[in-house]
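What follows is a short report on a single structure.
FYI, it's all coordinate maths here, none of it is from the lab. Just so we're clear, the structure is a prediction, and the values are computed from it rather than from any experiment. For neighbour counting, all protein chains shown are included, and Cβ atoms are generated from backbone atoms with ideal geometry for every residue, glycine included.
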Amino acid sequence: MLFSRLQLAVSGEFAKFSKGQWLETVKFQWRTFKDPNLKRQFKQLSVLGTAALPEDKYEKYEKTVADMESIYSKAKICAYNNSEKCDLSLEPEMTEILANSRNEAELKHIWTEWRKQTGATIRPLYNDYVKLLNEAARLNNFTDAAEYWLNSYDTPDFKEQVAELWKQLRPFYLEVHAYMRRKLREKYGESIVSKRGPIPAHLLGNMWAQTWGNIAELGIPYPDVKPEDITKYLVQQKFTPLKMFKTAEEFFTSINLSPMTEEFWKYSVIEKPKDRDIVCHASAWDFYNGRDFRIKQCTEVSEEDFVTVHHEMGHIEYYMQYKDQPFIYREGANPGFHEAIGDVIALSVITPKHLSRIGLLPNVTQSKEADLNYLMKVALDKIVFLPFGYLMDLWRWQVFKGTIPEKDYNCEWWKLRLNYQGVKPPTVRSEKDFDPAAKYHIVSSTPYIRYFVSFILQFQFHEALCTRAGEFDPNNPSEKPLHQCDIYQSKEAGNLLKTVLEMGSSKPWPDALEVITGQRNMDAGPLLSYFAPIHNWLKEENKKSGEYVGWESTEKGDI
Ligand SMILES: C=C(C[SeH])C(=O)N1CCC[C@H]1C(=O)O
Ligand SMILES: [Zn+2]
């Protein structure tokens, strides 16, 4: 608890200082300023955030979030079939079981026990948190915390834009959902996975069913042309977390971005400490002195964590490229930009072509079947993620606005999970549970729509950078398929990306988007064309098998 007392003291000091600055700033009639840059800086400075709370309430807010995160990071459960072994943490133990076990009863045990440890105890704290965050929002002249969070996009019709993107992408998701439900039914039987209902959430390879890549082997279109999971090659070649980080750094420097700093290597935490509980959820940190940037990640030697290393290093690259901007501009053009950078690089890294180029995949079969297998695997992470990336804040926006009353928190959560993801809980839930708290971003008050935005933007960026690298021709897309593009060692692509990263938030995000892609709107087009081959294959396959596309409302007895 010492750490959180120290943390509270430091953040309290910073809050006092920044409130003083804020009170000075808001005295100016900045809305009448003529200089667009000065006006933009004052506009951003006019939003103080939670530090606008009176000191005692600010401390209570900080302590409430710290306590929720502490419960989450310390939660442990007993193993399935071994009530003596009760030291399983979320990372790596529970995550590994959810990813690799195909024992339905074990998956149900882990899924349910994790929510027992993180639900009921956090629920009252969450109540306090919502009230305090809404009070802070109002002190910043927002109607509620939803509007405060949405202000980061500075786009009046942002929610409508996101709703429209989901409308365009939902049909593709339904095809993936229908196909995987059939594959899961073949594996676990119709008594567990019905023909026309939602999919039980514990079978999908991930604690939150947010990506299904870990069960790819159940759904690969051509199993005899199996795409390799590189985990075994990482282990065979004795990769360590450090070597995973160095390999990722080399990709970024190959496209003329910056190497990690001395402080990064000195202060980052890249393996789970043995002597204390920490928040293992991967994160990247900017200490705003132009040199001290860090990643905290409980890295396991696995393909999934190799991708996450690139995701986190993408944050660090952004921090380094805008480090000379005025303080207030040292952030992403919008939060979705910040989440997209590392993922854009990873879209090149995970191609069989690149993995074999760096010796992480022995031989690559070039064939239509291998291509479809690869695209299915990527779709199980990228397309599958979209409804979850959307519903996380659909739920919170309504909670902050009060349209979801406290008494219905869990019921409304599962309604959204059914309506958007087509998943259902494996065990009956009630308002004694609080399942949103099973997800890190809920207990840490981290907005989530940024990841939905990132999953759209990263394909727009990928298409633009691949074109610049000569790895893709939009006028002749079949000659070099976008999903085979690898921008490794392309300084042209890196320099284009660097131009945007250096901007930070100094310009509205459509300006930054225009610099890299030539257009000013989020656009599902590049994502849909990247996945077109597997989208068409799934439509055919579901028609052939007669699988019902979509899901009926869940059976009696659930929430
Ligand atoms: C890797 C991070 C740290 Se910014 C993360 O939280 N992500 C990356 C993808 C979605 C989201 C999640 O894990 O839920
Ligand atoms: Zn991130």
Need the list of lysines near LYS377 for cross-linking: C-alpha distance under 22 angstrom, and skip anything on the same chain fewer than eight residues off.
LYS183, LYS187, LYS226, LYS232, LYS353, LYS368, LYS480, LYS539, LYS543, LYS544
Could you tell me the center-to-center distance, by alpha carbons, between the stretch 234-251 and the stretch 323-373 in angstrom?
15
If you filter the stretch 421-489 for GluC sites (Glu not before Pro), then keep DSSP loop positions with at most 12 other Cβ within 10 Å, what is left?
GLU479
Gyration tensor verdict on the stretch 106-165 (Cα atoms; rounded if a/c is under 1.5, prolate if a/b is larger than b/c, oblate otherwise):
oblate
Quick one: grab the alpha carbon gyration tensor of the stretch 325-403, order the square roots of its eigenvalues as a ≥ b ≥ c, and give me rounded if a/c is under 1.5, else prolate or oblate depending on whether a/b is larger than b/c.
oblate
Counted neighbours (other Cβ, 10 Å), sorted fewest up, put ASP224, ASP486, ASP128 in the order ASP224, ASP128, ASP486
Output for the stretch 1-134 (equivalent-ellipsoid semi-axes, sqrt of 5λ from the C-alpha gyration tensor, Å, descending) is 44, 18, 12
Part-to-part distance (alpha-carbon centres) for the stretch 89-138 and the stretch 262-311, which is given in Å:
22
Taking SER46, SER505 and counting other beta carbon atoms within 10 angstrom, the fewest-first order is SER46, SER505
Three-way shape call for the chain based on the alpha-carbon gyration tensor, with the a/c threshold at 1.5
rounded
What translational diffusion coefficient, in µm²/s and rounded to a whole number, does the Stokes-Einstein relation yield for the stretch 362-433 at 37 °C and a viscosity of 0.692 mPa s, taking the hydrodynamic radius as the Kirkwood radius over Cα pairs?
223
Burial-style ranking of 65-72, 32-39, average other-beta-carbon count within 10 Å with highest first, yields 65-72, 32-39
Just to confirm my understanding: which cysteines in the chain have no other cysteine beta carbon less than 4.7 Å from their beta carbon?
CYS411
Please provide three numbers in whole Å: the alpha-carbon extents of the stretch 320-371 along the principal axes, with the largest listed first.
49, 21, 9
Check: in the stretch 78-181 the Lys pairs 8 or more apart or on separate chains whose Cα atoms fall under 25 Å apart number 6
Qualifying GluC sites (Glu not before Pro) in the stretch 247-284, DSSP loop, other Cβ atoms within 10 Å at most 13
GLU271
Among SER101, GLN21, ILE255 the positive-end extreme of the charge dipole of the chain (Cβ point charges)
GLN21
In the stretch 160-192, which chymotrypsin sites (Phe, Trp or Tyr not before Pro) are in a loop and have at most 12 other Cβ atoms within 10 Å, using DSSP for the loop call?
none
Using only Cα atoms, locate the centre of the stretch 443-522 and the centre of the stretch 141-195, then give the distance between them in Å, rounded to an integer.
22
Listed residue (ILE449, THR427, THR517) projecting farthest to the positive dipole end of the chain, Cβ model:
THR427
Rg over Rh, two decimals, the stretch 320-468 (C-alpha only, Kirkwood Rh)
1.06
Most exposed first by the Cβ proxy, i.e. fewest other Cβ within 10 Å, how do TYR448, TYR80 rank?
TYR80, TYR448
